[in-house]
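Chemist: Supplied in C-alpha cells, the structure appears directly below.
What follows draws every value from the coordinates through simple rules; no lab data is involved. Only a predicted model underlies this, so the values are computations on that prediction, with no experimental measurement involved. Methodologically, a virtual Cβ is constructed for each residue, glycine included, from the backbone with ideal geometry; neighbour enumeration extends over all protein chains shown.
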Amino acid sequence: MNSPRSLKGQRVLVVEDEALIAMLTCDYLEELGCSIVGPVATADKALAAIEGEPVDLAVLDVNLGNGRTSFPIAKALSERSTPFMFVTGYGSSGAREEFPDARVLAKPFSDAQLARELAALLES
C-alpha cells in the first residue's frame, strides 16, 4: 500500500474496545508510517493518553461497550483542536447527532479507506 506522505510520522490515538479490530487498525496505521498512541479501550484511558503524550490525530470507535461512547474523548480532542474521526459498525447517525462535522468511517473498513479518510481529515 502506498502511504500518503501527510500521514508519515503522525501520532494517532486509537480508541477501540474490540481487541482484534484495534490490532488491525494499528497494523494499517503502522503500514501508513504512523506512530500509534494506544490502543486503548476506554474513555478514561484515552483521556489519560491525551493528557500524557502528544496526539496528532485520533481514530475513535463510537461505542465502547456497556453503553459508553467515545464522545467525551471527541470533546476533549475538539478543545485541543486535534483532528479525529469516528469508526462504527452501527451507522453514523449517533456520531452525526453529537458531532455533525466529524468524519465517520463504517466498519469493516479497508486499509485504503482508512488512509483516504485520515488524509482527508488532515487536509480539512
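Chemist: Looking at the stretch 30-103, which chymotrypsin sites (Phe, Trp or Tyr not before Pro) are DSSP coil and have at most 13 other C-beta atoms within 10 Å of their C-beta?
Modeler: Tyr90
Chemist: Output the peptides 33-41, 104-112 sorted from most to least packed, where packing is the average of other Cβ atoms within 10 Å over each peptide's residues.
Modeler: Top of the packing list down: 33-41, 104-112.
Chemist: For the stretch 7-110, take the alpha-carbon Rg, divide it by the Kirkwood Rh, and send me Rg/Rh.
Modeler: Dividing the radius of gyration by the Kirkwood radius yields 0.92.
Chemist: Calculate for the chain the 222 nm mean residue ellipticity that helices alone would give, adding -39,500 (n - 2.57) per DSSP H run of length 4 or more and normalising by residue count, nearest 500 deg cm²/dmol.
Modeler: Helices in the chain give a 222 nm mean residue ellipticity of -12000 deg cm²/dmol.
Chemist: Which whole-number percent gives the relative contact order of the stretch 7-110, counting Cα pairs below 8 Å spaced six or more residues apart?
Modeler: About 24 percent, as a whole number.
Chemist: Taking θ = phi - 60°, what integer Hz values does the Karplus form 6.51 cos²θ - 1.76 cosθ + 1.60 yield along the stretch 10-24, in sequence order, with x for Gly and Pro?
Modeler: Calculated HN-Hα couplings, in order: 5, 8, 10, 7, 10, 10, 7, 8, 9, 4, 5, 5, 4, 5, 5 Hz.
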